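**Q** Here's a structure for you.
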2 protein chains.
Amino acid sequence: MRKIALVLSFLVVLSSCKSEVNPETTAQTADVKMDPLPSWNEGETKNAIMAYVKGVTTEGDANFIPEMDRVATFDNDGNLWSEQPAYFQLFFAMDRIKALADEHPEWKTTQPYKSVLEDDMSTLMSYGEHGLLEIVMASHAGNTVTEFEQIVKDWLATAKHPRFNQPYNALVYQPMLELLDYLRANGFKTFIVSGGGIEFMRPWVEEVYGIPKDQVVGSSIKTTFQMNNGKAEIVRLAELDFIDDKEGKPVGINKFIGRKPVFASGNSDGDLQMLQYTDSNSYESFQLYLHHTDAEREWAYDRDSHIGRLDKGLDEANEKGWTVIDMQKDWNVVYPFQLNK
Amino acid sequence: MRKIALVLSFLVVLSSCKSEVNPETTAQTADVKMDPLPSWNEGETKNAIMAYVKGVTTEGDANFIPEMDRVATFDNDGNLWSEQPAYFQLFFAMDRIKALADEHPEWKTTQPYKSVLEDDMSTLMSYGEHGLLEIVMASHAGNTVTEFEQIVKDWLATAKHPRFNQPYNALVYQPMLELLDYLRANGFKTFIVSGGGIEFMRPWVEEVYGIPKDQVVGSSIKTTFQMNNGKAEIVRLAELDFIDDKEGKPVGINKFIGRKPVFASGNSDGDLQMLQYTDSNSYESFQLYLHHTDAEREWAYDRDSHIGRLDKGLDEANEKGWTVIDMQKDWNVVYPFQLNK
């Protein structure tokens, strides 16, 4: 059954390209009532998403939005892939710092590097999100962007998540992959807007999410242009350029995208300003929060979590009637590798 | 004849969408040998462009480039539209500074603002490109991005170019519009990479060039996110964020696009690093310089110009065999409003 649903969902995408539909196919697909979101259980959340998309894409509807303005932004960590027991980029950074430790003897006695080398996660986490971002950024510098892209790809090909023993980017959410496809099939342009490093995401998000590299907004370190023996290179510097989190998200959206989104999806208080910004769109807009409620299949956390805390955001979602995904209730599968094959 | 050529060129774009071609249309178009670049005279320049595009888009060709990697970047000032007798954004900035002068009495005695208020272009120009950028950025701050977008649109609807008495964005180059269309019809993603202000370009480039707002890279001032009485706003600050010129161009390309272009088009030494960066692509790449040689229909300037100086770039183009457009010789029309209708 599952396989059939997936094949059908692929057909929905195809059929959205009107010129490729012939009457025969249309008749067949109408018969089976294809579901573009097969991993979403029937209920309020799925209905709210589909009603919104139908309204804003129906010409003549009071809420119709021209295709050019259908911008959808998605947080990444904890929203498109998991973020526990720590941001995956942190595991990457720790592996990098260990690999580079011989060149940086001072790290043995300097925090937060020391805790990384000692695998002391609780001390490391005590430095908070900014401390973590600093570690991430510092451990990512001193090479060219070409070299760094290869380092990320090599890491993803070899490193395994401690709980699921899968490559980290196998821990993406199947329902969100379907949502991205569904929005694109309805003329939305999908963007990632993440606190994570932009160059940590670009090497793999295109293949995994179908989101082109130039539709990724994220935190960054500074770079510089160099000509080395006639070869042009962009070199990565150990200096923060931009933190794409909290108030930084609308700022990053305006800088990189230049258009206010109509659809925003996040999972933490770090996404609140992005949702508020989207909510101020003069078009009918949609705010989606993913609430991690599934300790068995994924993780359960919200108001007290060090990572991906969802506290103010949950209150504001309730006040404003934003849509909140209850992972346990709304999703019939979490990861693609859990699909019945 | 001209009208027919344009209609045909529109058909080329349509026919690139394979699913919309029916055998009848194909037969018709094959008969008339449609020219996708009707404003380009036959010759080396046009041949070089078309030979490159044909090679990299032909599966099985040694130089074939997958569609995903077909990134083309275009400078704007002096490359997609004119830049004489001064950058058009400077005329906008001067009009803005005059409009805001009552709120800034100190400008009457402070350079380079004083020269703006006195219409003293030669003193103003003596402050060089960075001085000009500073004036431009400073005159653009203190409002929300929504307000600023409207100010730009209002200015374009009313201001006229001193020589041609046309709206400034009527002074775009017809041959470059055709080149953008031609590249897109061949699967290239087209981007602007300009030293000009990103938010000065975004309000109009989509309509004029067919380049979406999120495919515009440019210089920027800092912004901040604010909630004002429950309404989310991005406010523009009088502080430079990024200068997207010279070495800044490859840095901006890497930051915003995340992929090395295979095709780069510019007209000044400010574009040289972008062309060098593109030239280092492991794919077959194409470098295009526009040489302003037409004093009669546009302007003639290169090595000694204060604006859009093309000196080192011209030498490097000759050394490396990059393609140089001779405007007078290669273009049979410059502006769309000069087309025979």
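The values are calculated or read from the model by the stated rules, or taken from the named source; none is laboratory data. Treat the numbers as computed from the prediction; the structure is a model and nothing was measured. In this analysis, Cβ positions are derived from the backbone assuming ideal geometry, glycine residues included, and neighbour counts consider all displayed protein chains. The accessibility values were calculated without ligands, DNA or RNA, using every heavy atom of the protein model including side chains. Shrake-Rupley method; radii C 1.70, N 1.55, O 1.52, S 1.80 Å.
**Q** For region B:103-241, what does the alpha-carbon gyration tensor say about shape, rounded, prolate or oblate, given a ≥ b ≥ c as the root eigenvalues, a/c under 1.5 as rounded, and a/b over b/c as prolate?
**A** Details: a/c = 1.99, a/b = 1.27, b/c = 1.56.
Cα axes put region B:103-241 in the oblate bin.
**Q** On to the next question. Could you give the dipole magnitude of region A:69-218 about its Cα centre, charging the beta-carbon of Lys and Arg +1 and that of Asp and Glu -1, in debye to the nearest 20?
**A** Dipole size: approximately 240 debye.
**Q** Let me know the shape class of region B:37-166, please: from the alpha-carbon gyration tensor, a ≥ b ≥ c as square roots of the eigenvalues, rounded when a/c is under 1.5, otherwise prolate if a/b is greater than b/c, or oblate.
**A** On the way: a/c = 2.85, a/b = 2.38, b/c = 1.20.
Because a/c hits 1.5 or more and a/b exceeds b/c, region B:37-166 counts as prolate.
**Q** To continue, here is another question. Ignoring ligands, DNA and RNA, what percent of the accessible area of region B:120-173 is carbon or sulfur (1.4 Å)?
**A** Here carbon and sulfur together make up 51 percent of the probe-accessible area.
**Q** Looking at chain A as a GNM with Cα springs under 10 Å, which of A:GLY128, A:GLY218, A:GLY252 has the largest mean-square fluctuation?
**A** The residue that fluctuates most here is A:GLY128.
**Q** Same structure again: List the accessible area buried at the contact between A and B, summed over both sides and calculated with a 1.4 Å probe, in Å² to the nearest 100.
**A** Counting both chains, the buried surface is close to 3100 Å².
**Q** Mind checking which of B:HIS291, B:ILE257, B:GLN276 is farthest towards the positive end of region B:242-323's charge dipole, using Cβ charges of +1 (Lys, Arg) and -1 (Asp, Glu) about the Cα centre?
**A** Result: B:ILE257.
**Q** Could I ask something else about it? List the residues, sorted by chain then number, that are 5 or more residues from B:VAL193 or on another chain and whose placed amide H is less than 5 Å from its amide H.
**A** Those qualifying (amide H under 5 Å, at least 5 residues apart or on another chain) are B:PHE74, B:ASP75, B:ASN76, B:VAL217.
**Q** If each DSSP helix of 4+ residues adds -39,500 (n - 2.57) and the sum is divided by the residues in the protein assembly as shown, what number results at 222 nm, nearest 500 deg cm²/dmol?
**A** -12000 deg cm²/dmol
**Q** In a Gaussian network model over chain A where Cα atoms closer than 10 Å are linked, find which of A:HIS306, A:HIS104, A:HIS291 has the largest mean-square fluctuation.
**A** In this elastic network of chain A, the residue with the biggest mean-square fluctuation among A:HIS306, A:HIS104, A:HIS291 is A:HIS104.
**Q** Hey, which lysines would be in cross-link range of B:LYS160, C-alpha to C-alpha under 19 Å, not counting anything within fewer than 8 residues on its own chain?
**A** Output for B:LYS160: B:LYS98.
**Q** Between region A:244-275 and region A:291-341, what is the C-alpha centre distance in whole Å?
**A** Result: 19 Å between the Cα centres.
**Q** Name the residues whose placed amide hydrogens come within less than 5 Å of the amide hydrogen of B:LEU290, ignoring near sequence neighbours (fewer than 5 apart) on the same chain.
**A** B:GLY266, B:ASN267, B:ILE325
**Q** For label points placed 7 Å from Cα toward Cβ, what is the shortest-first list of nm distances from B:GLY43 to its copies?
**A** Sorted ascending, the copy-to-copy spacings read 6.9 nm.
**Q** Over region B:252-341, calculate the relative contact order: mean separation of alpha carbon pairs under 8 Å at least 6 apart, over the residue count, as a percent.
**A** Dividing the mean separation by the residue count of region B:252-341 yields 25 percent.
**Q** So what are the ³J(HN,Hα) numbers for region A:216-226, from phi and the Karplus equation (6.51, -1.76, 1.60; θ = phi - 60°), rounded to whole Hz, Gly and Pro as x?
**A** Coupling constants for region A:216-226: 10, 10, x, 6, 8, 9, 6, 10, 9, 8, 9 Hz.
**Q** Could you tell me which of rounded, prolate or oblate describes region B:288-341, using a ≥ b ≥ c as the square roots of the eigenvalues of the alpha-carbon gyration tensor, with rounded for a/c under 1.5 and, failing that, prolate when a/b is larger than b/c and oblate otherwise?
**A** Working: a/c = 3.26, a/b = 1.70, b/c = 1.92.
In terms of gyration-tensor shape, oblate.
**Q** Once both labels are modelled 7 Å past Cα along the beta-carbon direction, what's the A:ALA141-A:ALA99 spacing in nm?
**A** 1.9 nm
**Q** Now, a different point. Among the trypsin sites (Lys or Arg not before Pro) in region A:147-242, which ones are in a DSSP loop with at most 16 other Cβ atoms within 10 Å of the Cβ? Mind listing them?
**A** Sites meeting the loop and neighbour criteria: A:LYS160, A:ARG163.
**Q** Evaluate the relative contact order of region B:112-186 (contact order divided by residue number), counting alpha-carbon pairs under 8 angstrom at least 6 apart; express in whole percent.
**A** About 14 percent, as a whole number.
**Q** Something else about it: Given a Förster radius of 22 Å and the C-beta distance between B:ALA238 and A:ASP241 as r, what FRET efficiency does 1/(1 + (r/R0)^6) yield to the nearest 0.05?
**A** The pair B:ALA238/A:ASP241 has a calculated efficiency of 0.60.
**Q** About its Cα centre, what dipole magnitude does chain A give when the only charges are +1 on Lys and Arg Cβ and -1 on Asp and Glu Cβ, stated in debye to the nearest 20?
**A** So the dipole magnitude of chain A works out to roughly 620 debye.
**Q** Same structure again: Treating only the Cβ of Lys, Arg, Asp and Glu as charged (+1, +1, -1, -1), what charge dipole size does the protein assembly as shown show about its Cα centre? Round to the nearest 20 debye.
**A** Numbers: 66 positive and 104 negative charges, 183 e Å.
For this selection, approximately 880 debye.
**Q** Using the Kirkwood radius over C-alpha pairs as Rh, can you work out the diffusion coefficient of chain A via Stokes-Einstein at 37 °C, viscosity 0.692 mPa s, in µm² per second?
**A** 155 µm²/s
**Q** With all protein chains present and a 1.4 Å probe, how do A:GLU67, B:GLU316 order by accessible area, largest first?
**A** Per-residue accessible area, sorted high to low, gives A:GLU67, B:GLU316.
**Q** Then there's this: In nm, to one decimal, how far is the modelled label at B:THR224 from the one at B:THR109, with both set 7 Å along Cα→Cβ?
**A** Reported label-point gap for B:THR224 and B:THR109 is 2.9 nm.
**Q** Which order do B:MET227, B:MET121 take by accessible area at a 1.4 Å probe, largest first?
**A** Correct descending sequence by accessible area is B:MET227, B:MET121.
**Q** How large is the translational diffusion coefficient of region A:210-256 in µm² per second when you combine the Kirkwood radius over alpha carbon pairs with Stokes-Einstein at 10 °C and 1.306 mPa s?
**A** Answer from the Stokes-Einstein relation: 127 µm²/s.
**Q** Could you compute how fast the protein assembly as shown diffuses translationally, taking Rh as the Kirkwood radius over C-alpha pairs and applying Stokes-Einstein at 4 °C with viscosity 1.567 mPa s? Give it in µm² per second.
**A** Result for D is 48 µm²/s.
**Q** For chain A, with a Gaussian network of springs between Cα atoms less than 10 Å apart, report the residue from A:MET137, A:MET327, A:MET34 with the top mean-square fluctuation.
**A** A:MET34
**Q** Now, a different point. Cross-link partners among aspartates and glutamates for B:LYS260, C-alpha distance below 13 Å, same-chain residues fewer than 8 apart left out?
**A** The reachable aspartates and glutamates, counting only those whose Cα sits under 13 Å from B:LYS260, are A:GLU149, A:ASP214, A:GLU233, B:ASP69, B:ASP279, B:GLU284.
**Q** Percent relative contact order of region B:210-271, based on C-alpha pairs within less than 8 angstrom and at least six residues apart?
**A** Here the relative contact order equals 28 percent.
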